[in-house]
1. Out of the DSSP beta bridges found with both residues in the chain, what percent are antiparallel (nearest 5)?
2. Report, by chain and number, residues whose modeled amide H sits under 5 Å from the one on Asp111, excluding near sequence neighbours (fewer than 5 apart, same chain).
3. Please list log₁₀ I(q)/I(0) at q = 0.07, 0.09, 0.15, 0.17 Å⁻¹ for the chain, using the Debye equation with identical point scatterers on the alpha-carbon positions.
4. Give the peptides 74-81, 189-196 in descending order of average Cβ contacts within 10 Å, highest first.
5. Rank by packing, highest mean first: peptides 144-150, 213-219, with packing defined as the count of other Cβ atoms within 10 Å averaged across residues.
6. Using the count of nearby Cβ atoms within 10 Å as a rough guide to exposure, how do Leu228, Leu212, Leu140 rank from fewest to most?
7. Can you give the local net charge around Lys80? Use residues other than it whose beta-carbon is closer than 14 angstrom to its beta-carbon, Lys and Arg +1, Asp and Glu -1.
8. Dipole size in debye (nearest 20) for region 6-272 around its Cα centre, Lys and Arg Cβ +1, Asp and Glu Cβ -1?
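We did not get these values from a lab; they are worked out from the coordinates using the rules stated. The shown structure was predicted, so the numbers you read here are calculated from the model rather than taken from an experiment. When we count neighbours, we look across all protein chains shown, and the Cβ atoms used for this are built from the backbone with ideal geometry, even at glycine.
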Amino acid sequence: MKKIKIFDTHTHDYFESFDSDREQMLADDFASGVKHKIQIGCDMDTSKQAIELAHTSNKMFATVGLHPCYVEENFENLDKSFIYFKEELEKNYKNNTTTKKIVAIGETGFDFYHNDSPKMREHQQISFEKHIELCKKYTLPIIIHTRNARNETLEFLQKNIITKNKEISGVIHCFSENAEFAKIVTTQFNFFISIGGAATYPKSHDIRDAILHTPIQYIVTETDSPYLAPQSVRGKRNQSKNIKEIIELIANIKKMNSEECSNILFENAKRLFNMN
Ligand SMILES: [Zn+2]
């Protein structure tokens, strides 16, 4: 039996869909090779839930952030959200290393899939910039969501990430762009790309091509659980142990054995979140 080490860099285990059996699901994951999970906040309430859940296990960590699709409904009270994020980050900052739970900022970014009005674009941009400020202040990496916003995301990074000083590191979560995009974010910004279940779907040729052409040092894995279960369990509720299928895919593309591959991916995620 091969020993696969799983690091889920992006999950939402605090969602309602796990309310009936969350403890059991977590125990199942941890018994199946899952070593770490990052609970990702999408707004003020879910960031709170992410932090609370992370406190229940030394294997779990959290982020605070406002998902681009939640910006519009929160825009009137944007300051309120960011005051809360800062309070949590201040607490986190004062804690000693063993109790630090917030390891990144986000998810933030651009999502022009559902709505594409100029006003909405402007609001997402303002929120994105506020996340970057927090990253700089607290020296934390950024979790970026980008959908139907390829050029806008690259332009934003060019303006806001100072690559020469390596001021901010980060990850393009649920990577669904092509190899060229991956090359730009990894080489120009030293960012990681995070591969989830979508990479295993038959039509996802671009994602697999990006995996092939991106040095493995820049790749990490995620579920985006409960969403985006990999092909063998597609459509079902996702959970971190399913990352095994993604590791096997990456190992296959990279012509490595999956154990060795999982070790590298695991160390990459530790580097992303400064957990060394
Ligand atoms: Zn997410």
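1. Values: 0 of 24 bridges.
Roughly 0 percent of the beta bridges in the chain run antiparallel, per DSSP.
2. Excluding prolines and chain starts, which carry no amide H, the hits are Arg147.
3. The calculated log intensity ratios at q = 0.07, 0.09, 0.15, 0.17 Å⁻¹ are -0.22, -0.37, -1.12, -1.48.
4. Values: 74-81: 13.9, 189-196: 23.4.
Sorting 74-81, 189-196 by mean packing, highest first, produces 189-196, 74-81.
5. Details: 144-150: 19.9, 213-219: 16.7.
Sorting 144-150, 213-219 by mean packing, highest first, produces 144-150, 213-219.
6. Working: Leu228 20, Leu212 13, Leu140 25.
Placing the least packed residue first, the sequence is Leu212, Leu228, Leu140.
7. Values: positive: Lys48, Lys86, Lys130; negative: Asp43, Asp45, Glu73, Glu76, Asp79, Glu87, Glu88.
Neighbour charge sum, excluding Lys80 itself: -4.
8. Working: 33 positive and 38 negative charges, 173 e Å.
The calculated dipole for region 6-272 is roughly 840 debye.
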